[in-house]
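Undergrad: For reference, the structure I am asking about is given below.
We did not get these values from a lab; they are worked out from the coordinates using the rules stated. Just so it is clear, the model here is predicted, and its values are computed rather than measured. Neighbour counts run over all protein chains shown; Cβ positions are idealised from the backbone, glycine included.
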Amino acid sequence: MRVLVTGGAGFIGSELVRQLVVAKGYDVLTVDKLTYAGSLASLRQVEGRSNYRFLRADICDRRAMTAAFESFRPDRVMHLAAESHVDRSIADADAFIHTNVIGTYTLLETTRGYLDGLSLAARDGFRFLHVSTDEVYGSLGSTGFFSETSPYDPSSPYAASKAAADHLAKAWARTYDLPILVSNCSNNYGPYHFPEKLIPLTILNALEEQTLPVYGTGENVRDWLYVGDHARALDVIIDRGRIGETYNVGGRDERRNIDVVRRICALLDERRPERAPRERLISFVADRPGHDARYAIDSTKLELELGWRAKETFETGIEKTVDWYLDNNWWWQPLRRHYGGERLGVIAPNS
Ligand code: NAD
């Protein structure tokens with residue numbers, strides 16, 4: 001099995017690549033531009049393996065993508081490359097439109113050209129998975145869940161760019177008969193998560209006795225999924241999912257942001273009691289503009305049709321995650337030094 005993974009040096013992509021190369025033994029080519037969010041250090045475990053290759057390239061570069069497809073000749077494409085941080089999209093959406101929209105369009109067109117040159121038999125086995133987010137569905141009230149048929153209603157520039165990309169993928173599947181599947185997943189957390197996102201930011205700031213910024217009153221609810229469970233779901237979807245279908249992926253583990261931050265403080269207080277209690281570091285900051293109140297995913301379709309189920313609960317996953325950050329400062333310290341600490345991840349309105 002030859003799998004081309006875009007965005008494989010990122011948070012979820014690197015987890016997926018580690019699973020496919022090590023546990024599955026697939027031949028994998030990672031295509032990644034190595035933006036600030038991509039790190040070769042996240043791929044150290046697979047580096048040097050005979051079934052693994054890395055190509056530094058921009059998914060918006062049609063010529064580079066065509067050359068990569070022609071030389072690697074993938075059976076599967078798993079498309080994760082994206083600009084992914086909502087706050088950055090609010091400050092400047094340019095890179096989001098380029099990578100998430102034009103980049104996805106470029107990959108779809110590259111795939112179309114590549115399939116035209118394949119025999120019918122080779123074309124038959126080919127599949128393309130477009131990886132997306134539940135943020136395309138907008139915000140929920142205090143009840144209900146997003147399903148695969150929920151209407152699109154994105155709030156942030158990030159979510160809008162992902163929604164546009166999803167529509168392109170679905171249109172290319174229908175119009176050009178491309179064998180595409182789409183997945184929409186809830187918030188992920190786990191090892192190798194870039195330290196600008198809520199969970200790693202909170203762990204590392206708490207560890208270094210810095211302020212723990214929480215938007216608004218911390219009431220916003222997210223449905224958290226451990227990254228290893230998401231990567232397994234992606235493999236199951238591309239393996240056994242029905243072509244043309246969308247699958248929602250979620251952890252059925254909703255938490256208010258403030259409860260997530262408090263749980264991390266409590267865990268660190270247990271692990272490193274000398275600086276407890278860390279809740280004193282929490283600081284409520286002006287809310288993110290357009291901040292969605294609640295996301296919750298109904299992943300019944302994926303569970304019943306394809307037999308996937310999350311293995312980690314938030315409780316087990318957050319303990320693993322905190323312990324990973326405590327044990328792996330070689331990975332995060334250079335990123336923190338380069339990209340700053342306390343204020344990272346928080347953009348004041350109008351800035
Ligand atoms: P990430 O920001 O950690 O990684 C993105 C990767 O894409 C980086 O390695 C980066 O270098 C690469 N990249 C960016 N622009 C590129 C370009 N033009 N060409 C090639 N490579 C480029 O993101 P992530 O959190 O791992 O998310 C991966 C995918 O999963 C994204 O499509 C995201 O929308 C989706 N997703 C993320 C979450 C989440 O909670 N993190 C949840 C659901 C869906």
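Undergrad: For the range 53-157, how big is Rg over Rh, using alpha carbon atoms and the Kirkwood form of Rh?
TA: Rg divided by Rh gives 1.05.
Undergrad: Right, here's the next one. Using a ≥ b ≥ c from the Cα gyration tensor of the range 181-233 (square roots of the eigenvalues), is it rounded, prolate or oblate, where a/c under 1.5 gives rounded and otherwise the larger of a/b and b/c decides, a/b for prolate?
TA: oblate
Undergrad: Give me the percent of DSSP beta bridges within the range 200-351 that run antiparallel, rounded to the nearest 5.
TA: Given both bridge residues lie in the range 200-351, the antiparallel proportion sits at roughly 40 percent.
Undergrad: A further question on this structure: To the nearest Å, what is the center-to-center distance of the range 56-121 and the range 134-203, using C-alpha atoms only?
TA: Computed from Cα coordinates, the inter-centre distance equals 17 Å.
Undergrad: I would also like to ask the following. Using a Debye calculation, one point per C-alpha and no hydration shell, please list log10 I(q)/I(0) for the range 193-282 at q = 0.19 Å⁻¹ in order.
TA: The Cα Debye sum returns log10 ratios of -0.89.
Undergrad: Continuing with the same structure: Report, to the nearest 10°, how far helix 62-72 tilts away from the longest principal axis of the Cα atoms in the chain, using its own Cα long axis and a range of 0 to 90°.
TA: So the inclination is approximately 70 degrees.
Undergrad: Post the alpha-carbon centroid distance, the range 1-48 to the range 259-333, in whole angstrom.
TA: 23 Å
Undergrad: Any idea what angle helix 257-271 forms with the longest principal axis of the chain, computed on alpha-carbon atoms, 0 to 90 degrees, nearest 10?
TA: On a 0 to 90 degree scale, this one is about 70.
Undergrad: Given a Förster radius of 41 Å and the C-beta distance between THR175 and THR300 as r, what FRET efficiency does 1/(1 + (r/R0)^6) yield to the nearest 0.05?
TA: My answer for the efficiency is 0.90.
Undergrad: Which angle from 0 to 90°, rounded to the nearest 10, does the C-alpha axis of helix 314-327 make with the longest principal axis of the chain?
TA: So the helix axis and the longest Cα principal axis differ by about 80 degrees.
Undergrad: Let me ask another. Where the convex hull is taken over the Cα atoms of the chain, what is its projected area averaged over directions, in nm²?
TA: Reported value for the Cα convex hull: 16.5 nm².
Undergrad: Can I ask one more? Among CYS265, CYS185, CYS60, which comes first, then next, by fewest other beta-carbon atoms within 10 Å?
TA: Going from sparsest to densest Cβ surroundings: CYS60, CYS265, CYS185.
Undergrad: Going toward the positive end of the dipole of the chain, with +1 on Lys and Arg Cβ and -1 on Asp and Glu Cβ, which of ALA81, ALA165, VAL136 do you reach last?
TA: ALA81
Undergrad: A further question follows. Decide, for the range 43-93, between rounded, prolate and oblate: order the square roots of the alpha carbon gyration tensor eigenvalues as a ≥ b ≥ c, take rounded if a/c falls under 1.5, and otherwise choose prolate if a/b is larger than b/c, else oblate.
TA: It comes out oblate by the Cα gyration axes.
Undergrad: Using only alpha-carbon positions, what ratio does the radius of gyration of the range 2-64 give when scaled by 2.2 N^0.38 Å?
TA: So the Cα radius of gyration is 1.02 times the expected 2.2 N^0.38 Å.
Undergrad: Using a Gaussian network for the chain with springs between C-alpha atoms less than 10 Å apart, which of these wobbles most: LEU181, LEU304, LEU129?
TA: LEU304
Undergrad: On to the next question. Could you sort out which of LYS33/LYS162; LYS33/LYS320; LYS24/LYS311; LYS162/LYS197 sit more than 20 Å apart by Cα distance in this structure?
TA: From LYS33/LYS162; LYS33/LYS320; LYS24/LYS311; LYS162/LYS197, over 20 Å: LYS33/LYS320.
Undergrad: Got the relative contact order for the chain handy, in percent, Cα pairs under 8 Å and 6 or more residues apart?
TA: Contact order relative to length: 18 percent.
Undergrad: For LYS162, LYS197, what's the fewest-to-most ordering of other Cβ within 10 Å of each Cβ?
TA: LYS197, LYS162
Undergrad: While we're looking at this one, here's another question. Report, by chain and number, residues whose modeled amide H sits under 5 Å from the one on LEU129, excluding near sequence neighbours (fewer than 5 apart, same chain).
TA: Amide H neighbours of LEU129, under 5 Å, 5+ apart: VAL77, MET78, HIS79, LEU181.
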